[in-house]
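Read the structure below first, then the notes.
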Amino acid sequence: MITVGNQVSDMADVFPGWSCERPTSRTAIWIGQLQPHKTIYTVRVEYTEPLLPEGRSALYVQPLVEILNPKLKRRFGNAEGSLPHVYVAHPRTNRSGPFLCLFDDKKSQWTSEDLISNTTIPWTSNWLSCYESWLATGTWFGTGKHIQTESSGRNAISALMEHYNATTSHAALTRYAPPTT
Amino acid sequence: MNITTNFEEFARQLDIDPVEAAVMDVARALQITQTMNKQAESHYRGLATHVDRPGSPFEDLVDEIYASGSFAIHAATRSRLKRDQHDVDAVLELNCPADSNPEWVIGELYKAIRGERGSKYFDFLIEKNSRCVTVTYPDGVTVDLMPVVRLIGQPERVAVLFHHKRETGDSYHKVVNPKGFAEYFNQHVETSKTFQDRFDARRYLVDGETYVELANRTASNSTRVTLEKADTQPMPVHVPLDQKSARVVALQLIKRFRDKRYRKHDDHRGKRKPPSIIIAAIALDAGPVNDNLVDEVIAVARYMRRLIRKAEEKLRPLEVRNPAHYPDIFTDRWPEARSEQQLWSSDLRTLVEQLETLKRVGFDPAVVQSVLTDLFGEKAGDIALGAYHQAQTTNLEHGTLGMTPSGKLTPAKPTSGLAAPTIGAGVASSGLIMPARANTNMGGTIPDDNCW
């Protein structure tokens, strides 16, 4: 596992223009700018080094990526939802999101063994590029699939939680089994 | 270079500006496939046999049939981006007196094609036009069959066509040489290995196969129906002009632009559009060919505007002649009035200005979407953006996509040894940040009624 300290050093090396705040010894928050095309986005990345052995899924420990400015726009009435490939909330934070969904944890595309600088950040820029095309056309042209809905046949609270989390269940993020009914 | 086995070299070569690549992607979507080409040939040859059949008004009087217009110069395009529809122009050489009455020739050809009840084309949509008969196939493909009679004692392939317009009573003969023009064009239009390689590399990056691979696969699929695989031998693939000449591809784009303007813009409705053959003849004289497709479209459009401006200065309509047969005036029906050439000149100015805007702004999805859709219609913008992201994904998967520190994603030379997660490990010697691996955008969607 790469320590948060090493992530901070690496990010400072690769993205010297990004600010870095350390609210706790295990957490780092970077804020910087990405410009895949013409629009310049201010991006916030928050990462908390997991305690070993925490047993959390990659979806739980992942760096949380938010776009601070300009605010992400929605396309209402779109077949893929008003904003695809995001989480509206994440159990690790009280921030309201949305947070970008950047990898498939089932394929281990990101683990805590990875540097943020050559995974999360370029993937964010690619996500923003796809987002701009989606805004223009209503089609998500990048790679992507939606996490399979887990609400069908489940209790109302799970369904509500999934709806709140933008069709992704709380269980998928925390990998805690929901109570069976 | 075999780009399927040497992706690294290919990626280095593919330093194509994203705007240029987007226009290439639209052009590729316009082009007709080899299968469509063969189908078109089969259509017009079938029509010739039908017209020549026993009992037909032209029984045993068909000397030859050959493609003309855009088909003959490899600049044919789909009539709809999302469908396999296309229009074919064919010349039908008849063995009848050259001074035959035009109304009679067109009328008899119509009868010959329609045939008696129960014959093949009887229920097809068949229309008499002033110089040809148009047959619309059930799949939407149309064939314009123009009857001509070869003139003896004239240069090779010079013939007379028959013009009859019922509405105005116009009826006359005109000396033409469409075959001569096609041969002249094909011999004189410049090709470029640089353009061909880049156009094909772009195809490979987006579609996953080169033109030759596509042609072999298509041929193999059609052959497999009748032959065992072991019996089939790959035939050498003839690469057509629209894969190796930026000028021919530019012509295809200009034709698409013209069709969109005359179909969708109210101020063009009901007006005759500038014929493809005039645009093609002018394109031949538009100076040295660029390897860059966007520059090529701009150059041809500017040259055509310049010719129109010169004609306007003399208060005359544009005149363009067949370079293979000087008496054959291509501009005999367009422009009928100077207002028609003024309208087209204004269209060409829009084309040039919009493409220059694209070049100046650079690749921005919103601008690409609006400009390409405005110029080329239907889903041109979607096609370009879809291809852009497909290419980015292919590069990402092959480790040939890098990112500048500012966030711009660009094709890059692949690096090795990114597995070890040491500080700064993802930065290539070029200064580009190389993603460790490809990713998949997961997650959910925000429903419309979510109050976030």
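General remarks:
- Take every Cα pair under 8 Å whose residues are at least 6 apart in sequence, average their separation, divide by the length of segment A:4-141, and the relative contact order is 20 percent.
- The lysines whose alpha-carbon is closer than 24 Å to the alpha-carbon of residue B:244, local same-chain residues fewer than 8 away aside, are B:38, B:82, B:179, B:193, B:255, B:359.
- Candidate lysines for bridging to residue A:71, where Cα separation is under 19 Å - those fewer than 8 sequence places away on the same chain excluded: A:38
- Segment B:337-406, Cα convex hull volume normalised per residue, Å³: 96
- Using distinct alpha-carbon pairs, which all enter the 1/r mean, Kirkwood radius of segment A:6-54 in Å: 11.9
- Relative contact order (%) - criterion: Cα under 8 Å, at least six apart; region: chain B: 15
- Whole-percent pair-distance distribution, where bins are 10 Å wide, for the alpha carbons of chain B: 4, 17, 26, 24, 16, 8, 4, 1, 0
- Length gained on full extension, residue B:353 to residue B:315, computed as 0.36 nm times the residue gap minus the Cα-Cα distance: 11.1 nm.
- Partners for residue B:264 among aspartates and glutamates (Cα-Cα distance below 12 Å; same-chain residues under 8 apart left out): B:374, B:378
- Helix B:293-313 vs. chain B, principal-axis angle (Cα, 0 to 90°, nearest 10): 40
- Each stretch of four or more DSSP H residues adds -39500 (n - 2.57); spread over every residue of chain B, this sum gives -14000 deg cm²/dmol at 222 nm.
- Relative to the compact-globule estimate of 2.2 N^0.38 Å, the Cα radius of gyration of segment A:4-105 comes out at 1.16.
- Kirkwood-type hydrodynamic radius, segment B:312-368: 13.9 Å, calculated from all non-identical alpha-carbon pairs.
- Between the Cα long axis of helix B:365-376 and the first principal axis of chain B there is an angle of about 10°, rounded to the nearest 10.
- Potential lengthening between residue B:170 and residue B:238 on full extension [0.36 nm per residue; Cα-Cα distance subtracted]: 20.2 nm
- In chain B, the longest principal axis of the Cα atoms and the axis of helix B:178-188 are about 30 degrees apart.
- Cα centroids of segment A:37-107 and segment B:63-122: 60 Å apart.
- Dividing the mean sequence gap of close Cα pairs (under 8 Å, 6+ apart) by how many residues segment B:276-386 holds gives a relative contact order of 21 percent.
- Based on Cα atoms of segment B:34-187, Rg over Rh with Rh as the Kirkwood radius reads 0.95.
Read-outs: derived from the displayed coordinates by stated rules, not from any lab. Not measured: the values here are computed from a predicted model.
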